[in-house]
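Shown next, in structure tokens, is the structure this report addresses.
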Amino acid sequence: MALFDHGDLTGDEAVNEVLLAYHLGNAAEYNATLPVIDPFPLPTGWRSLSDTEVADHFDTRFTVSRAFALESPLLGVKDRGLEVVLYIEEDDQGLPTRLSVTWVGTNAIVDIFDYLVLNEGSKLAASMEPFLVEVMAFADHLGLTNEDILVTGYSLGAAMTNIMARYKDTLADGFFVDADYIGHAVPFVHDDPDVYNFGYENDLVHRIAGQELGLLRLLKEVGVKVQGRDLDYDNTTDNVVMFNERYADDSFAAPTFGLFNLRAWSAHISGLNFSHLPTIAGSAFYDLTNRDSLVIVSNLNRGKSETYWVEDKASAATRADDYSGFVIGTGLANKLADGKGNDFLDAGEGKDHIRLTLGYDEVEGGKGIDTVHLSDSDITAYRLSDGDLMIHGDSGLKRLHDVEFISLGSNGDNLTENRQAVFALKTERAKEGTDGDDTLKGAVLFGGDGNDILKAGAKGALLHGGDGQDRLEDGRGDDQLYGAAHDDILIHSRGNDLLNGGHGNDIFAFAANASGEVRIEDFGRAFGETDFLLFAPDIFSSLGNVLDNTSMTEDGLLIQSQDLTIILDHADIDAINAQTILFGEA
């Protein structure tokens, strides 16, 4: 499932629903905060309630900002207190098709008091009940069912969305049990598959209250010094980074990623003003993402986009910087950089510079004149039948699409150093598969589409599976096997090999009597993916046996058995467990 897929919605349907929820949440937030200004435009087909509809169907207080004011558990009914907006969608004939219960986020100081009862939840649910009973009756009047309801909100509004989902079985006699619940930048999480929560990892507010049930439990967990928390939940996006000027600064999360660090609020505020959902969904690599994927999307303006390298970085707000991920530029001139894992970089439009170092990378240059900066000075190039360029060097294998120039031996400091045109690059011959399922043997193999079987036919072979579920087998040693996209099997038997599964849930298999030194570059280094080690019975026969022969090094994990040495780059001991270790023959 891709990043925005949720419930029964996938592909464009899921993207459009999440984007719709974002726009409705924004409209409620701005229009309730600044009612005297021109209203924030609603999505096409949606409208606010008319005065007649409010008068005929609702007893809940209706304010000048066209929001319903509910009774706060601590302060009672207050303007700009606990507020919610009801929007109607109509078809081309003016007939109602959907309702959106859109909770208003923080827009006044009185909202702070409701944060004190977020984690407990039941008092806020009780405040919702009278209004939601009226919504149920209004929906019935319009001929709508509970499946025609969207519940959403931004920030505090997202927390209210999660609380409503938490009590959906009892609120208004369970009428809202089949509604679609989508929160944006959510502070309190109800970790239930019926809710989808989108937010940025470097947003201080996103997940800050966690899912602890009660204020005392929350304070026991985090203390009185409230800070952002990089938590992981099944129904939240936990690794999407908005790369703005504040985040680019090395002091972004210093001294702490806390409430009084103004820089820490930048992604939350920008998230209300700039939607990067279409940019992410429109990426050439979007179909490879999942809800847990590391996605770094640029929010740099003109000038700044040519100053900072958009890349993964370690900070108090995020995680270690050695995971595989997706780096996405804008329509401006971008500077994008890979990380320590396998990365997919989409530059978008503009005159872009892309810096590549270690691992397996794929680049989509897009429109404009783009330059890829390679750390290698000595490379071998191969041109595929679809026009893509494969670059192989000491730092790994790179796939380039719509790139006009490359710069060798470059760290990107000098943007024109050693630059040469891609069309004039000398390329070598290779054996390439078709769009179907192929079986190939040779020194340099590119499987292409389909579920292929690739066999190394010479010492020092280079194998690239491409799309599909591929099987890659080494040969006489010193081979490099790259699974690339989807779930692949990479098999080692002898010699000193480099294995890289690429995207997907890959199996690294070790045949009977396997020997030599094997380096696996990407074992367990992508969020939302699971890699496996498969051992023939004569190598290891139990998990305990594997753990007894595993040690930590500066570079990751070292596994040794007789004449076989396995190095797992950047991996930690938790990567070796009953789920990831398998026994048998591939």
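Read-outs throughout are calculated quantities, based only on the coordinates presented, and are distinct from any laboratory measurement. What you are looking at is a predicted structure, and each value in this text was computed from that prediction instead of being measured. Here Cβ is always computed from backbone atoms with ideal geometry, including for glycine, and neighbour counts include all displayed protein chains.
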Pairs of Cα atoms under 8 Å, at least six residues apart: use those to get the relative contact order of the range 431-583, whole percent. 14 percent
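Under a point-charge model restricted to the Cβ atoms of Lys and Arg (+1) and Asp and Glu (-1), what is the dipole moment magnitude of the chain relative to its Cα centre, in debye to the nearest 20?
Details: 41 positive and 100 negative charges, 337 e Å.
Roughly 1620 debye, rounded to the nearest 20.
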Sort His373, His206 so that the residue with the fewest other Cβ atoms within 10 Å of its own Cβ comes first and the one with the most comes last. His373, His206
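Could the peptides 185-191, 231-237 be put in order, highest first, of the mean number of other beta-carbon atoms found within 10 Å of their residues?
Working: 185-191: 25.9, 231-237: 18.7.
Descending packing order for the listed peptides: 185-191, 231-237.
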Between the modelled labels at Phe583 and Glu53 (7 Å from Cα along Cα→Cβ) the distance in nm is 6.5 nm
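Where a ≥ b ≥ c are the square roots of the eigenvalues of the C-alpha gyration tensor, would you call the range 479-586 rounded, which needs a/c under 1.5, or, failing that, prolate if a/b is larger than b/c, or oblate? Numbers along the way, then the final one.
On the way: a/c = 1.31, a/b = 1.16, b/c = 1.13.
Rounded, because the longest to shortest axis ratio a/c is under 1.5.
If you rank Thr357, Thr439 by fewest surrounding Cβ atoms within 10 Å, what's the result?
Working: Thr357 18, Thr439 11.
Placing the least packed residue first, the sequence is Thr439, Thr357.
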Filter the DSSP H helices in the chain by two things, a Kyte-Doolittle mean of at least 0.0 and an axial alpha-carbon span of 18 angstrom or more, and list the hits by number. 122-142
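Nearest 5 is fine: what % of DSSP beta bridges in the chain come out antiparallel, could you say?
On the way: 39 of 125 bridges.
About 30 percent, rounded to the nearest 5.
Which order, highest average first, do 20-33, 133-146, 358-371 follow once you tally other Cβ atoms within 10 Å for each residue and take the mean per peptide?
Details: 20-33: 23.7, 133-146: 16.1, 358-371: 22.1.
My ranking of the peptides, most packed first, is 20-33, 358-371, 133-146.
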Which cross-chain or sequence-distant (5 or more) residues have an amide H under 5 Å from the amide H of His503, H modelled 1.01 Å from N in plane? Ala484, Ala485, His486
Computed over the range 334-414, Cα set: Rg, Dmax in Å: 11.2, 33
Considering amide H positions built from the backbone, and no H for Pro or chain starts, which residues 5 or more places from Val77, or on another chain, come under 5 Å of its amide H? Ser72
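Let's test the formula: R0 of 25 Å, r as the Cβ-Cβ distance of Asp178 and Asp230. What FRET efficiency results, to the nearest 0.05? Kindly include the intermediate steps, with their values, before the conclusion.
Working: r = 32 Å, r/R0 = 1.29.
Efficiency, from the Cβ-Cβ distance: 0.20.
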Euclidean distance between Cα centres, the range 328-363 to the range 6-50, Å: 32 Å
Where Rh denotes the Kirkwood radius from the mean inverse Cα pair distance, what is Rg over Rh for the chain? 1.03
With the contact rule set at Cα under 8 Å and sequence spacing of 6 or more, what percent relative contact order holds for the range 351-488? 15 percent
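Greater than 20 Å separation of Cα atoms is the criterion. Which listed pairs, Lys304/Lys351; Lys304/Lys398; Lys340/Lys398, meet it? Write out the running numbers ahead of the final one.
On the way: Lys304/Lys351 14 Å; Lys304/Lys398 27 Å; Lys340/Lys398 14 Å.
Distance filter (> 20 Å) returns Lys304/Lys398.
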Relative contact order (%) - the chain, alpha-carbon pairs under 8 angstrom, separation at least six: 6 percent
Over the C-alpha atoms of the range 459-524, what are the Rg and the largest Cα-to-Cα span, Dmax, in Å? 10.6, 30
Most exposed first, judged by fewest Cβ atoms within 10 angstrom, Met242, Met552, Met164 run Met552, Met242, Met164
What fraction of the Cα pairs in the range 376-509, stated in percent, has a spacing above 23 angstrom? 33 percent
Please enumerate, by chain and number, the lysines with C-alpha under 20 Å from the C-alpha of Lys455, excluding those fewer than 8 residues away in the same chain. Lys431, Lys441
In order over the range 379-388: 3J(HN,Hα) from phi, Karplus 6.51/-1.76/1.60, θ = phi - 60°, whole Hz, x for each Gly or Pro, gives 10, 10, 10, 9, 9, 7, 5, 8, x, 5
So, in Å, what gap is there between the alpha-carbon centers of the range 491-515 and the range 430-480? 13 Å
Please give the contour-minus-distance gain from Phe62 to Trp309: 0.36 nm per residue of separation, less the Cα-Cα distance, rounded to one decimal in nm. 84.1 nm
Check the straight Cα-Cα distances from Lys78 and name the lysines below 26 Å, setting aside those fewer than 8 residues away within the same chain. Lys123, Lys168
